[in-house]
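Okay, structure first, notes after.
The values are calculated or read from the model by the stated rules, or taken from the named source; none is laboratory data. Owing to the predicted nature of the structure, the values given are computational and were not obtained by experimental measurement. Glycine gets a Cβ as well: all are built from the backbone with ideal geometry, and neighbour counts include every protein chain shown.
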Amino acid sequence: MVGFKLNSALDLVDIYYQLLMRACDVPLTAVSTSRGMLWEWLVMPQGLPNAPETFNRLVTQLFSPHRAYAQTYFDDIFVHSRAAHGKLDVENYVEHLRAVLECMCTNKL
């Protein structure tokens, strides 16, 4: 992001808990409590061995159309802009940030 005039960092808080498990995988997440209750995760728990890779792959795919101005790193999105195509720094930045936020809204992140 060296050379860019405007930068933002967005953090996807508790993103793992927003990813639904496939119905066939829910029984694989079952744990029993000390009181004898059975607990099954309906959303992706952070402790699953492949959870970080699965999540990172999803975020990378969702934001691939925005790669020119938005980089992702697990649950962080970095948006950067500079003047181009006759537009001011701020105009480009607002346009890029709006596109990233719309992508987040569309995908319920």
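Taking region 7-48 only, how many residues are in contact with a His (Cβ under 7 Å, 6 or more places away or on another chain) and at positive phi? Break it down into steps so the answer makes sense when it comes.
Of region 7-48, the ones in contact with a His (Cβ under 7 Å, 6 or more places away or on another chain) are 7.
With at positive phi added as a condition, the list becomes none.
Within region 7-48, residues that are in contact with a His (Cβ under 7 Å, 6 or more places away or on another chain) and at positive phi number 0.
Can you find a residue in region 45-67 that is small (Gly, Ala, Ser), touching a residue at least 60 places away in the same chain (Cβ under 8 Å) and surrounded by fewer than 16 Cβ atoms within 10 Å (Cβ to Cβ)? No: region 45-67 contains no residue that is small (Gly, Ala, Ser), touching a residue at least 60 places away in the same chain (Cβ under 8 Å) and surrounded by fewer than 16 Cβ atoms within 10 Å (Cβ to Cβ). Take the conditions over 22 Å from Met44 (Cα atoms), modelled with pLDDT of 90 or more, surrounded by fewer than 15 Cβ atoms within 10 Å (Cβ to Cβ) and more than 15 Å from the chain's Cα centre (by Cα) and apply them to Glu95. Does it pass? For Glu95, the condition - over 22 Å from Met44 (Cα atoms), modelled with pLDDT of 90 or more, surrounded by fewer than 15 Cβ atoms within 10 Å (Cβ to Cβ) and more than 15 Å from the chain's Cα centre (by Cα) - is met.
Yes/no per residue for (1) touching a strand residue (DSSP E or B) at 6+ places or on another chain (Cβ under 8 Å); (2) among the aliphatic types (A, V, I, L, M); (3) within 30 Å of Arg22 (Cβ to Cβ):
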| site | (1), (2), (3) |
| --- | --- |
| Leu42 | yes, yes, yes |
| Gln46 | no, no, yes |
| Asn50 | no, no, yes |
| Tyr73 | no, no, yes |
| Leu97 | yes, yes, no |
| Cys105 | no, no, yes |
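Within region 46-67, being at pLDDT 90 or above and either over 12 Å from the mean Cα position of the chain (by Cα) or in a strand (DSSP E or B) (or both) holds for Pro65, His66, Arg67.
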